[in-house]
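Have a look at the structure below, then the notes.
Derivation of every value follows stated rules applied to the coordinates shown; laboratory data play no part. Predicted model only: the values in this text are computed from it and were never measured. As a convention, Cβ positions derive from the backbone with ideal geometry for all residues, glycine included, and neighbour counts pool all protein chains shown.
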Amino acid sequence: DSLIPASKISNLTQGMFVGAVSDNFDERIEQKIFHAEIVIDTAKVSAEMKSHRPIPVIADFRDASGDDTMKASIDANYRQIKQEILSLVDSEIARIKADPKLQGL
């Protein structure tokens, strides 16, 4: 059985939240269930938003014709990493086989 009924949660408006907290044996909390409202100063937020700068583009995945190449770039990177790992494993196996101290591994 839910401590906070779904009907209460479904009727919340924007900025409202409900919750329940637990206590410890040595630190009892009388009021475990709560509901509250987040109060936002919209004028202050609006002023702050006006001072924001756009996030710079670090990597653009468009080719010369403007086509999105992100998936192809990610796939190529994945294949390269996979090949490098296989190469690393092969070289380590060869190193272990060549070292008498490690051959028992």
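Here the range 47-105 has an Rg and Dmax of 22.6, 70 Å, counting Cα atoms alone.
Would you mind working out the magnitude of the charge dipole of the chain relative to its Cα centre, with +1 at each Lys and Arg C-beta and -1 at each Asp and Glu C-beta, to the nearest 20 Debye? Don't jump to the answer; show the numbers that get you there.
Values: 13 positive and 17 negative charges, 52 e Å.
The calculation lands at about 260 debye.
Only one residue of V21, I40, N11 has its Cα farthest out toward the positive end of the dipole of the range 6-48, where Lys and Arg carry +1 and Asp and Glu -1 on Cβ, and that residue is N11. Taking 7 Å along the Cα-to-C-beta vector as the label spot, tell me the E37-D60 distance in nanometres, rounded to one decimal. Reported label-point gap for E37 and D60 is 4.7 nm. Shown for V57, V45: other C-beta atoms within 10 Å of each C-beta, ranked fewest to most, produce the order V57, V45.
Distances longer than 21 Å among the Cα atoms of the chain: what percent of all pairs is that?
Numbers: 4055 of 5460 pairs.
Result for the distance tail: 74 percent.
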